[in-house]
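Each remark here refers to the structure printed beneath this line.
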């Protein structure tokens, strides 16, 4: 079965529908087949700032593009404006693709947009995407879980509704219960996040990595510790989007940085880990 035949058995977009689709963390090779099909069939694509140009190049050139990116400190559409625009386009009988970086339901406000569509009686489909906390860390050579390090992982965002840290995070419970913590949208708040976790009992020497522009050609990884992260970050010009991962699993990058190995890095399987088999 060739690619045209594979795409042919997948659902088609319909006029008056909105598809909320994830574009993944940046590498176009990580797009789902269903998202690729939507990118060929849509009449209009409303896309976020985290959708790369490489991914936009997959679009049918006849598709109308509408930018709806939200970036901190820059003028942008409100969430209400974006949700209303999806309704307007659907009521114009368009095939509407709402294309978001990562996964639309993981820190992507896809749930808010879907609820608004329900309120306005607009039919929709959700197409999951690979979130940066999974695909991005895999490309950086850091596994989210390993039986020698952790069986629990927690995702949180470093950007709450008011622009600061989310107020619903129980830092003491988080520090105690989750051996691995991944923080999205954290670049501007590394210092305060690290301070809160250390104040709640996490060790200053605990391994920490900051992954910038994951899965893209500009990917950059800073390996440091919880106590040194703010200082070390000040000497590196990492760019958003970036995420923090804290925990012993960061040590595994010494043996799993497969992208580094492609550039000549020597990997090692001899990594001291806290658990035995």
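The values are calculated or read from the model by the stated rules, or taken from the named source; none is laboratory data. Note that the structure is a prediction, hence the values are computed from the model and not measured. Positions of Cβ are backbone-derived with ideal geometry, glycine not excepted, and every protein chain shown enters the neighbour counts.
Which of the residues belonging to region 4-33 are assigned to a helix (DSSP H, G or I) and more than 25 Å from residue 139 (Cβ to Cβ)?
Just the residues of region 4-33 that are assigned to a helix (DSSP H, G or I), to begin with: 4-8, 28-30, 33.
Within region 4-33, 4, 5, 7, 8 qualify.
Checked against (1) in contact with a strand residue (DSSP E or B) (Cβ under 8 Å, 6 or more places away or on another chain); (2) over 21 Å from residue 132 (Cβ atoms); (3) not in a loop (DSSP other than H, G, I, E, B), residue 193 passes all but a single condition, namely (2). Only one of the numbered conditions (1) in the same structural domain as residue 138 (by TED's automatic domain parsing); (2) more than 21 Å from the chain's Cα centre (by Cα); (3) surrounded by 11 or more Cβ atoms within 10 Å (Cβ to Cβ); (4) closer than 21 Å to residue 153 by Cα is violated by residue 256, and that is (2). Residues in region 159-180: is at least one within 15 Å of the chain's Cα centre (by Cα) and modelled with pLDDT of 95 or more? Checked region 159-180: no residue is within 15 Å of the chain's Cα centre (by Cα) and modelled with pLDDT of 95 or more.
Against the criterion of being more than 21 Å from residue 107 (Cα to Cα), surrounded by fewer than 17 Cβ atoms within 10 Å (Cβ to Cβ), out of contact with any strand residue (DSSP E or B) (no Cβ under 6 Å at 6 or more places or on another chain) and not assigned by TED's automatic domain parsing to the domain that holds residue 24, residue 205 does not qualify. Among the residues making up region 133-152, none is within 16 Å of the chain's Cα centre (by Cα) and modelled with pLDDT under 95. Take the conditions (1) without any contact (Cβ under 8 Å) to a residue 24 or more places away in the chain; (2) part of a loop (DSSP other than H, G, I, E, B); (3) farther than 27 Å from residue 79 by Cβ; residue 144 misses just one of them, which is (1). Within region 219-237, the set of residues being part of a loop (DSSP other than H, G, I, E, B) and surrounded by fewer than 16 Cβ atoms within 10 Å (Cβ to Cβ) comprises 228, 235, 236, 237.
Would you point out which residue out of 214, 175 is surrounded by fewer than 18 Cβ atoms within 10 Å (Cβ to Cβ), touching a helix residue (DSSP H, G or I) at 6+ places or on another chain (Cβ under 9 Å) and under 25 Å from residue 131 (Cα atoms)? So that I can check it myself, show each step before the final result.
Details: 214 fails: surrounded by fewer than 18 Cβ atoms within 10 Å (Cβ to Cβ).
175 is the lone residue from the list that is surrounded by fewer than 18 Cβ atoms within 10 Å (Cβ to Cβ), touching a helix residue (DSSP H, G or I) at 6+ places or on another chain (Cβ under 9 Å) and under 25 Å from residue 131 (Cα atoms).
Rundown of residues vs (1) assigned to a strand (DSSP E or B); (2) in the same structural domain as residue 158 (by TED's automatic domain parsing); (3) closer than 25 Å to residue 8 by Cβ, yes/no style:
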residue	(1), (2), (3)
35	no, no, yes
38	no, no, yes
50	no, no, no
66	yes, no, no
84	no, no, no
112	no, no, no
118	no, no, no
121	no, no, no
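Taken as a whole, region 65-84 holds no residue that is touching a strand residue (DSSP E or B) at 6+ places or on another chain (Cβ under 6 Å) and farther than 27 Å from residue 213 by Cβ. Quick check on region 90-105. Is at least one of its residues surrounded by fewer than 21 Cβ atoms within 10 Å (Cβ to Cβ) and touching a strand residue (DSSP E or B) at 6+ places or on another chain (Cβ under 6 Å)? So far as region 90-105 goes, yes, one or more of its residues are surrounded by fewer than 21 Cβ atoms within 10 Å (Cβ to Cβ) and touching a strand residue (DSSP E or B) at 6+ places or on another chain (Cβ under 6 Å).
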